[in-house]
Amino acid sequence: MQLKPTIGAVLLLLLSGGALTQPRPATPKAVPVGVVQAVKQPVTRGSAFVGRIEATEKVEVRARITGYLDAVLFKEGDTVAAGAPLYRIEKAPFEAALQEARGALVQAQGTYANATVQRQRADELVKTSATSVATRDERRATETNAQGAVIRADANVDTAQINLSYTDITAPIAGRISRSALTKGNVVSPDSGVLTVILSENPIYAVFPVSQREFLRVKKTEDKLNTDSLLVKLRFADGTVYPEDGKINFVDVKVDRGTDTVTVRAVVPNPHGTLVDGEFVTVTVQGDTPDEKVVVPQAALIADQGGTYVFVAENGKAVVKRLKLGAEVGSNIAVESGLQGGEQVIVEGLQGLRPDAPVSPAPIAVAIPGG
């Protein structure tokens, strides 16, 4: 006969740690992670803008007289000096016009001299009543008219000389010259339009718009930050950095209503002609006095709906630190708030890492250059 277990027997079995006892959960294994110490270092504050390069001087060369284009005296794309010959217009017609004007001047001078003599005679004769006062007055008017003719003829000579000088078209400024719109053999005139363009090269301007919000922020710190203390750095579209620093030399006095921006201009040395009028660049405006900031690798950053954060290893656990970020420092980034410096920031082993997860930190070599 089979005996059924009693309730007391079951309770005795449970209390004695029998087969119904559950095993304790295993302690989670620490995740190996690579850490970098958050360090404080000098970081130069800066803001980046999209700008365009502009020549400090730009001249459109035009013909000032009508004539046959006798020669083009420059090589397109070359650098020319101020006063260098660019075009030559046929001189013969203008030399002939100058000679004609000179002849007319001599003729007018002769007429004036004769009118002066006749007036002097009339002045003497009227004293003895040998001639009438009316005749004397007529001779004076003739002399005055002759004098006016001399002045007009002299002005015509000057005009002819000026027109002759316009047959030599020279460079009004030094700079790089563009292509020629016309070649030898064409007839040019003031209506021919622009013959070529000369752009100065050194120095050169970097012009960029600054949002009104950013502009107001800078004005609030004017006691600590002024345009004389700002450095302007340029970066090309391929990411390379231009080696020369610029200085802000103009801030517009009005806000553009269409874009709500203020135009700012910097003058930048361009000794080798690297910067070209019209090209786009990234303009970074920096203060010349660096601030002490905590710097961490950008590889450590994690973003979610709450913003940006990093994991730091504290007491063997992964702890979340929310950050307010500042300027980029190469492959690293400055931290405005969220870290004090000295924290072990997790850079490697972030995949699947959860807050308060046990970690086994190991230092790794990551270069954090100065700002």
Looking at region 94-109, is at least one residue in contact with a strand residue (DSSP E or B) (Cβ under 9 Å, 6 or more places away or on another chain), at pLDDT 95 or above and not aliphatic (A, V, I, L, M)? yes
Within region 317-329, identify whether any single residue is more than 14 Å from residue 36 (Cα to Cα), open to solvent by 60 Å² or more (accessible area, probe 1.4 Å) and either in a loop (DSSP other than H, G, I, E, B) or touching a residue at least 60 places away in the same chain (Cβ under 8 Å) (or both), and answer yes or no. no
Screening 313, 303 for residues that are of a type outside the set (Lys, Arg), out of contact with any helix residue (DSSP H, G or I) (no Cβ under 9 Å at 6 or more places or on another chain), under 30 Å from residue 29 (Cβ atoms) and at pLDDT 90 or above leaves only 313
Residue that is farther than 30 Å from residue 350 by Cα and surrounded by 13 or more Cβ atoms within 10 Å (Cβ to Cβ), where the choices are 301, 234: 234
Test of understanding: among 165, 132, which residue is within 30 Å of residue 202 (Cα to Cα) and either open to solvent by 40 Å² or more (accessible area, probe 1.4 Å) or without any contact (Cβ under 8 Å) to a residue 24 or more places away in the chain (or both)? 165
Within the set of pairs 6+ apart or on separate chains, which have a first residue in region 89-100 that is in contact (Cβ under 8 Å) with a residue 12 or more places away in the chain, a second that is part of a helix (DSSP H, G or I) and of a type in the set (S, T, N, Q), and C-beta atoms under 7 Å apart? 94/163; 97/163; 98/161
Looking at residue 314, is it open to solvent by 20 Å² or more (accessible area, probe 1.4 Å), closer than 17 Å to residue 35 by Cα and of a type in the set (Asp, Glu)? yes
Residue ID - least open to solvent (accessible area, probe 1.4 Å), chosen from residues in region 41-67 that are modelled with pLDDT of 85 or more and among the basic types (Lys, Arg): 52
Identify the residue in region 249-295 that is among the hydrophobic types (A, V, I, L, M, F, W, C) and at pLDDT 90 or above and, among all such residues, is nearest to residue 353 (Cα to Cα). 281
Which residue out of 96, 141, 149 is in a helix (DSSP H, G or I) and surrounded by 13 or more Cβ atoms within 10 Å (Cβ to Cβ)? 149
Restricting to region 144-178, count the residues that are within 22 Å of residue 66 (Cα to Cα), touching a helix residue (DSSP H, G or I) at 6+ places or on another chain (Cβ under 8 Å) and of a type in the set (S, T, N, Q). 5
If you check every pair at least six apart or on different chains, which have Cβ atoms under 6 Å apart with a residue in region 264-280 that is surrounded by fewer than 16 Cβ atoms within 10 Å (Cβ to Cβ) and in a strand (DSSP E or B) first and a residue that is at pLDDT 90 or above and not β-branched (Val, Ile, Thr) second? 280/52
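The values are calculated or read from the model by the stated rules, or taken from the named source; none is laboratory data. All values reported here derive from a predicted model rather than from experimental measurement. As a convention, Cβ positions derive from the backbone with ideal geometry for all residues, glycine included, and neighbour counts pool all protein chains shown. Areas reflect the complete protein model, heavy atoms only, side chains present, ligands, DNA and RNA absent. Shrake-Rupley method; radii C 1.70, N 1.55, O 1.52, S 1.80 Å.
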